[in-house]
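Some notes on the structure that comes next.
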Amino acid sequence: GENVEQHPSTLSVQEGDSAVIKCTYSDSASNYFPWYKQELGKRPQLIIDIRSNVGEKKDQRIAVTLNKTAKHFSLHITETQPEDSAVYFCAASMGNFNKFYFGSGTKLNVKP
Amino acid sequence: SAVISQKPSRDICQRGTSLTIQCQVDSQVTMMFWYRQQPGQSLTLIATANQGSEATYESGFVIDKFPISRPNLTFSTLTVSNMSPEDSSIYLCSVLWAGVNQPQHFGDGTRLSIL
């Protein structure tokens, strides 16, 4: 089955700096890659996703890049703010209602 | 956007007892899933709840321990049976609407503690 690895496990940045979280996947059949943000005690919430026919997607301060050849995708957060502090999870899916395979999570701490 | 309601939000139970968690969506969904999330850990898929038929369980999870029902397109239950302290965790339902390559959306979760 699919295996998703996520790095780093923790990331501490100064407010205003950029943060990058990286994930790799093993199955080339995966074609859908969502990112979730989970604040303490709350549900995981989708923040951005990318499909395999696209190399990059941006939504305000958040962007995701996908390299299908290398089988890795990354989340980029620019101009970080304290409210960006949370745990972020990447996931991979083969689409068509198949299950999601989640990474192990990255705890992001943005210091004011 | 659609509302996913999960009940109870938390519970403290005695070992050996069972608890049923409900997940209700205010619109019809194609897929429903149940996850377990232990403190500080990632999301582990327990099973896919299939409407009108037996759930599809992941490796390490069995129907006798985690029976699941899904009587219609908006509702599912997960029962945690014969609980032990190792079952203390957060249990989350998630749903998937129709469409190719759509995200899963999660309920608020049930925080379960076993004494």
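Worth pointing out:
- Some residue of segment B:74-90 being touching a helix residue (DSSP H, G or I) at 6+ places or on another chain (Cβ under 8 Å), of a type outside the set (Asp, Glu) and surrounded by 15 or more Cβ atoms within 10 Å (Cβ to Cβ): yes
- Boolean, B:THR48 is under 12 Å from the mean Cα position of the chain (by Cα) and within 11 Å of chain A (Cβ to nearest Cβ): yes
- Taking the criterion of being away from every other protein chain (no Cβ under 14 Å) and either hydroxyl-bearing (Ser, Thr, Tyr) or open to solvent by less than 20 Å² (accessible area, probe 1.4 Å) (or both), the only residue of segment B:22-45 that qualifies is B:SER27.
- Segments classed as strands (runs of 3 or more DSSP E), wholly inside segment B:1-105, with at least 2 members that are aromatic (Phe, Trp, Tyr) and touching a strand residue (DSSP E or B) at 6+ places or on another chain (Cβ under 9 Å): B:31-37
- For segment B:6-21, the set of residues classified as surrounded by 14 or more Cβ atoms within 10 Å (Cβ to Cβ) and either within 27 Å of A:THR106 (Cα to Cα) or acidic (Asp, Glu) (or both) consists of B:GLN6, B:ASP11, listed by residue number.
- Enumerated strands (runs of 3 or more DSSP E) restricted to segment A:54-112, each holding at least 3 residues that are farther than 12 Å from A:VAL20 by Cα and among the aromatic types (Phe, Trp, Tyr): A:100-102
- Among residues of segment A:36-52 that are closer than 16 Å to B:VAL100 by Cβ, those with a Cβ under 7 angstrom from a residue that is among the hydrophobic types (A, V, I, L, M, F, W, C), sequence gap 6+ or separate chain, pair up as A:ASP49/A:PHE33; A:ASP49/A:TRP35; A:ILE50/A:PHE33; A:ILE50/A:VAL64; A:ILE50/A:LEU66; A:ILE50/A:PHE73; A:SER52/A:LEU66.
- Within segment B:1-21, being more than 24 Å from B:LEU73 (Cα to Cα) and away from chain A (no Cβ under 14 Å) holds for B:ASP11, B:ILE12, B:CYS13, B:GLN14, B:ARG15, B:GLY16, B:THR17, B:SER18.
- The C-beta contact set for segment A:85-108 (first residue within 14 Å of A:LEU75 (Cβ to Cβ) and at the interface with chain B (Cβ under 7 Å from one of its Cβ atoms), second residue among the charged types (D, E, K, R) and buried (at least 19 other Cβ atoms within 10 Å of the Cβ), distance under 9 angstrom, 6+ apart or interchain) comprises A:PHE89/A:LYS37.
- Per this entry, B:GLY52 is counted among residues that are at positive phi, surrounded by fewer than 20 Cβ atoms within 10 Å (Cβ to Cβ) and of a type outside the set (A, V, I, L, M).
- Filter result for A:THR10 (crowded, with 21+ Cβ neighbours inside 10 Å and more than 21 Å from B:ASN101 (Cα to Cα)): no
- Candidates are the residues of segment B:91-115 that are open to solvent by 10 Å² or more (accessible area, probe 1.4 Å) and away from chain A (no Cβ under 11 Å); the one that is nearest to A:GLU39 (Cα to Cα) is B:SER113.
- Residues in segment A:43-58 that are open to solvent by 80 Å² or more (accessible area, probe 1.4 Å) and over 13 Å from the mean Cα position of the chain (by Cα): A:ASN53 only.
The values are calculated or read from the model by the stated rules, or taken from the named source; none is laboratory data. Just so it is clear, the model here is predicted, and its values are computed rather than measured. Note that each Cβ is placed from the backbone with ideal geometry, even for glycine, and that neighbours are counted across all protein chains shown. The protein model used for the area step is the full one, side chains on, heavy atoms only, and it has no ligands, DNA or RNA in it. Shrake-Rupley method; radii C 1.70, N 1.55, O 1.52, S 1.80 Å.
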